[in-house]
Amino acid sequence: MQQLIDGYARFRSNIFPQQSGLYEQLAKGQQPQALFICCSDSRVVPEVVMQCEPGTLFPCRSVGNLVPPSTEISSGIAATIEYAIRVLRIPDVIVCGHSDCGAMKGILESEKIEALPAVRSYLQHAGPSSKWLTHLLKGATSLSFEQKLRLLTEANVIAQLQNLRAHPAVDEALKNSTVQIHGWVYDIGTGGIQQFDQEQGSFRALLAEEQTSAIKPQDRKKIA
Ligand SMILES: [Zn+2]
């Protein structure tokens, strides 16, 4: 706890005075660029990865970056989405999964979450495609646990994009072309982001230069 209070003291004495103009502006209102739906995992910090200042991202965190159906209003996710789209008129929504996700591991190893009824119940929102994939993966002996986890994490992002599209506020904004939605998977160990390509039906590196990073330097010379 002391580490947090010491950090706050540094914020008050150094950071805040340096950025007082920004905070003065933010005190009057917000105009975030994106609604960022990601897992509650402490290792996923979009403001650091995207290098954003306060006021840029409208965060929405939930276990396993799940987007329950709009009828499930008790989770608060539906309210966050509705406010972001209808009131703040945020133009982009990102659903971001991540590597080593405890929620995805819980789906793959359901016996480990038997004593966690709230988690078990909430993970139902991972959707029918995840259930189908989990069933399929349990029989896939040629795949390692890490490979299964990766596939499930990607399938879950696609399932949550479908749930997101079905929210009335998002559906309306998509029809009016006032919002775009994106599916990402963030790798904690490498810092890399893969994005879902709707047309190709697969994930690829978010940065164009990283899409070719598999090519070795000597091969690049040959191509050139
Ligand atoms: Zn997670």
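The values are calculated or read from the model by the stated rules, or taken from the named source; none is laboratory data. Because the structure is a prediction, the values reported are computed rather than measured. Neighbour counts are summed over all protein chains in view; Cβ atoms, including those assigned to glycine, are modelled from backbone coordinates with ideal geometry. Quick note on the areas: whole protein, heavy atoms, side chains included, nothing else; ligands and nucleic acids left out. Shrake-Rupley method; radii C 1.70, N 1.55, O 1.52, S 1.80 Å.
Tally Lys and Arg at +1 and Asp and Glu at -1 over the other residues with C-beta under 10 Å from the C-beta of Gln194: what net charge comes out? So the environment of Gln194 carries a net charge of -2. Under 5 Å from the amide H of Phe203 lie the amide H atoms of Asp197, each residue being 5 or more positions distant or on a separate chain, with H modelled from the backbone and absent for Pro and chain starts. Each of Pro68, Val119, Gly189 was placed along the dipole of the chain (beta-carbon charges, centred on the mean Cα), and the one lying farthest toward the positive end is Gly189. When Ser62, Ser42 are compared by accessible surface with a 1.4 Å probe, the order from highest to lowest is Ser42, Ser62.
Over the chain, dividing the summed -39,500 (n - 2.57) contributions of all DSSP H runs of at least 4 residues by the number of residues returns a 222 nm mean residue ellipticity of -11000 deg cm²/dmol. For segment 23-30, the Karplus equation 6.51 cos²θ - 1.76 cosθ + 1.60, evaluated at θ = phi - 60°, returns couplings of 5, 5, 5, 5, 5, 8, x, 10 Hz by residue, with Gly and Pro reported as x. For segment 33-223, the relative contact order is 23 percent, taking Cα pairs closer than 8 Å that sit 6 or more residues apart in sequence and dividing their mean separation by the residue count.
Close amide-amide hydrogen proximity is noted between Ser70 and no other residue 5 or more places distant or on a separate chain, at a cut-off under 5 Å (H modeled in the peptide plane; Pro and chain starts excluded). Checking Cβ-Cβ separations below 4.7 Å across the chain identifies Cys39, Cys52, Cys60, Cys101 as cysteines lacking any candidate disulfide partner. Ranking Ile181, Ile90, Ile5 by solvent-accessible area of protein heavy atoms (1.4 Å probe, all protein chains present), from largest to smallest, gives Ile5, Ile181, Ile90. Taking θ as phi - 60° and the Karplus parameters 6.51, -1.76 and 1.60, the scalar couplings of segment 151-159 work out to 4, 5, 4, 5, 4, 5, 4, 5, 5 Hz in sequence order, x denoting glycine and proline. Less than 5 angstrom separates the built amide H of Asp92 from those of Leu35, Gln180, all sequence-distant by 5 or more or on a different chain.
Computed over neighbours whose Cβ is under 13 Å from that of Phe16, the net charge equals 0, Lys and Arg +1, Asp and Glu -1.
Computed from backbone phi with θ = phi - 60° and the Karplus coefficients 6.51, -1.76 and 1.60, the 3J(HN,Hα) list for segment 44-52 is 9, 10, x, 5, 6, 5, 8, 6, 9 Hz; x is used for glycine and proline. Only protein heavy atoms count here; under a 1.4 Å probe, Val45 has an accessible surface of about 60 Å².
For the set Glu199, Glu209, Glu47, the ranking by accessible area, highest first and with no ligand, DNA or RNA atoms included, is Glu199, Glu209, Glu47 under a 1.4 Å probe. If you count Lys pairs in segment 33-223 whose Cα atoms are under 29 Å apart, skipping same-chain pairs closer than 8 places in sequence, the total is 9.
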